[in-house]
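Note sheet for the following structure.
The values are calculated or read from the model by the stated rules, or taken from the named source; none is laboratory data. Note that the structure is a prediction, hence the values are computed from the model and not measured. Don't worry about glycine lacking a Cβ; one is built from the backbone with ideal geometry, like all the others, and counts go over all protein chains shown.
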Amino acid sequence: MAKRSPNGFVMILTVLSIIIPFSMLSYAQPTNIRISAALGMAYSVDWVTINYRDIGGHNQQIRRESNIDLGETADFTVPDGATNIVLEAKPLLSLPSTRIFNSLSLASGSDHCFELRGSVNRPSFTRVTCGWEPGGAISVFDNIDNRNVGLKRMMVKVKDRSGTSTIGTTYTDDNGHFRLNRSVTGPVRYELVFQDEAGLKVKWGANSHAQSASFEATEGRLNHTFREADEHNWYWATIFNACQFYKDFARQDALPVKSNAQICGYYEDGTSTTPMTGIQDVIFRVYGRNSRDIFWIVMHELSHVVHAQVDRNAYASFVGSWGLANSLRAAHGESWACGPQAIYTSRRYDPGSDELATYQREALDLYTYAERTASGEHLYIRPIVEDLRDNHNQRNADNEYPLDRVSGYTLRQIAQALRGAHDLDDWKDNLKDVSNSTSNYLDEYFNQYFENRAARTASNTIIKIKAVAGIGYTVDWVDVSYTDSGGRTQHIRRNENISLGQEATITVPDGATNIRLEAKPLASLRNTRVFNSLSLTSGQSHCFHLKGTVNSPRYERVGCGS
């Protein structure tokens, strides 16, 4: 290729800041190199080469043979995932062996900007700043502490001026500060996403995407506080930060947390639940409450997530127990969740106080009466977790307070004792397996709550499935597999359709274990299933209403009645 000689003007090679091509970056970031020729040096650039190894391990080269003339800029982009990137260039009309960069190695996924100096046979370069670096600080106003609290580990997307293309993605630190770690030119748009790097999302209903807040284009840092006046975003920010605090506290206590939990919220105040479906792991209805009240409920529901992480089948049994009238089988799950709820709220809002003192001044009879509905307030035996940990016996202060001679259990030990537990007695028996000098007082302590609770007896497992009117399919077949009392695998199969409005009842015999339920909609795709091998607790009644569509069926647990 013919080359042009220098035109006598002096030129300087200045790497300019990132402009349009640099703003088209995705989160999986390529490597960008910019070379611009300006007045000030006595040579122009003959050629540029960039050697690298691609994501598949193959050696590749980008080569520019055309001159970089005075006032011109050359931009180069090395694809995502490239390694071993080496930059070289030669001045025009220099000695054959003269090089500018001397095989300079470049870090991948970054922007590299240089200024050329020297003479035609003795060229040199200087790294220069490519542009300004997006960053800032994000917080949420706490209306109990009356101060701004940094939003922990929140996703921040930096987009181009129009907001159509993402330049890069980063996350806030534990104090709410962030920086993109690369330079840009011109205005950018910030988008704050209520999602952390592990995949925990705070979202509306059953949406797949996290809620977010976007801002007008600016050429500067973003310092923003979510305040109550911005009702919806303040709500999401308060829930999100509470989830991050729970992760921190649970990590301190070695509790297993679902790192990518799907946190759903509604703009209403009501009962929050933890169905753990993968699409809606936790559902919050705490709209309109203050910061501490929201934090309090988040601590409770995320403790149910810990329960599910310890033993998913036992947790499903606990959830199913809410549909059993006059049953105390849900008491252990709710009582567990009340422990971290109180401890972590105290740790957050009263860090200098005794975090185990929340329930030490409440009378025993507040917890020992079981209401006749499974949703009774007294299924929440709130002191248990704190009493298992502390060395304070309330009975010494007042004969009306619980007798508490157990102490020294850790939150992790108490949580792990939920494995295989289906009621208070199972939980208590599992705690006896933990080495603790006060374990001989566990019966005394637990038996003061609902002391007249009935002894457990073997019973059939009853399954009721109703195809409620309004869904778009009937049921083709239902299959229940289980292990009988003799250790043999058995199946109960119903091949008769369950038509709209009909209910099918299946009875599994006493002593069955490992019970799993499955069903298929009529005329659905071959692999479509309703229950996805749902594990059921033996000796209980399990009632379901079917929902969804023929190829996206769903189910809802409902009460079975008395």
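Points worth noting:
- Residue check for Val468: in a loop (DSSP other than H, G, I, E, B) and either touching a residue at least 12 places away in the same chain (Cβ under 8 Å) or in contact with a strand residue (DSSP E or B) (Cβ under 8 Å, 6 or more places away or on another chain) (or both): yes
- Residues of segment 347-358 satisfying the condition of being within 19 Å of His304 (Cβ to Cβ) and out of contact with any Phe, Trp or Tyr (no Cβ under 9 Å at 6 or more places or on another chain): Thr358
- Every pair of residues 6+ apart whose Cβ atoms lie under 6 Å, when the first sits in segment 496-518 and is closer than 13 Å to Lys466 by Cβ while the second is exposed (fewer than 13 other Cβ atoms within 10 Å of the Cβ): Leu500/Ala469; Gly501/Ala469
- Single condition Thr507 does not satisfy, out of (1) part of a strand (DSSP E or B); (2) surrounded by 15 or more Cβ atoms within 10 Å (Cβ to Cβ); (3) out of contact with any Lys or Arg (no Cβ under 8 Å at 6 or more places or on another chain): (2)
- Highlighted here are the strands (runs of 3 or more DSSP E) found entirely within segment 1-118 that include at least 3 residues which are at pLDDT below 80: 11-14, 31-39.
- Some residue of segment 191-201 being surrounded by 18 or more Cβ atoms within 10 Å (Cβ to Cβ) and either at positive phi or touching a Gly at 6+ places or on another chain (Cβ under 7 Å) (or both): no
- Inside segment 278-300, residues that are under 14 Å from the mean Cα position of the chain (by Cα) and in a helix (DSSP H, G or I) make up a count of 1.
- Test: residue in segment 218-237 that is more than 30 Å from Asp350 (Cα to Cα), surrounded by fewer than 17 Cβ atoms within 10 Å (Cβ to Cβ) and free of Cβ contacts under 8 Å to residues at least 40 places away in the same chain: yes
- Given (1) surrounded by 13 or more Cβ atoms within 10 Å (Cβ to Cβ); (2) more than 23 Å from Ser317 (Cβ to Cβ); (3) within 37 Å of the chain's Cα centre (by Cα), index of the condition Leu500 fails: (3)
- Hits in segment 495-538 - residues which are among the aliphatic types (A, V, I, L, M) and in contact with a Pro (Cβ under 9 Å, 6 or more places away or on another chain): Ala519, Val530
- Applying the condition of being of a type in the set (Asp, Glu) and crowded, with 18+ Cβ neighbours inside 10 Å to segment 115-150 and asking which residue is nearest to Phe240 (Cα to Cα) yields Asp142.
- Residue count for segment 249-274, restricted to those that are free of Cβ contacts under 8 Å to residues at least 60 places away in the same chain and within 23 Å of Glu197 (Cα to Cα): 5
- Qualifying residues in segment 470-497 (those that are farther than 17 Å from Cys543 by Cβ and charged (D, E, K, R)) - the one nearest to the chain's Cα centre (by Cα): Asp479
- Residues that are in contact with a helix residue (DSSP H, G or I) (Cβ under 6 Å, 6 or more places away or on another chain) and among the β-branched types (Val, Ile, Thr) do occur in segment 534-541.
- Every residue from segment 394-405 that is at pLDDT below 95 and either buried (at least 16 other Cβ atoms within 10 Å of the Cβ) or not aliphatic (A, V, I, L, M) (or both): Gln394, Arg395, Asn396, Asp398, Asn399, Glu400, Tyr401, Pro402, Leu403
- Test result for Gln309, modelled with pLDDT of 95 or more and surrounded by fewer than 20 Cβ atoms within 10 Å (Cβ to Cβ): yes
- Just so you know, in segment 476-497 the residues that are hydroxyl-bearing (Ser, Thr, Tyr) and surrounded by fewer than 13 Cβ atoms within 10 Å (Cβ to Cβ) include one that is modelled with the highest pLDDT, and it is Thr489.
- Criterion violated by Ser533 - all others in (1) among the hydroxyl-bearing types (Ser, Thr, Tyr); (2) at pLDDT 85 or above; (3) at negative phi satisfied: (3)
- Residue within segment 426-433 that is of a type in the set (Phe, Trp, Tyr) and either assigned to a loop (DSSP other than H, G, I, E, B) or outside the structural domain of Ala363 (by TED's automatic domain parsing) (or both) present: no
- Top-ranked residue of segment 510-544 - restricted to ones that are polar (S, T, N, Q) and outside any loop (DSSP other than H, G, I, E, B), ranked as farthest from Gly472 (Cα to Cα): Thr513
- Residue identified as at pLDDT 95 or above and either assigned by TED's automatic domain parsing to the domain that holds Cys113 or within 18 Å of Arg292 (Cα to Cα) (or both) among Phe178, Phe215, Phe245: Phe245
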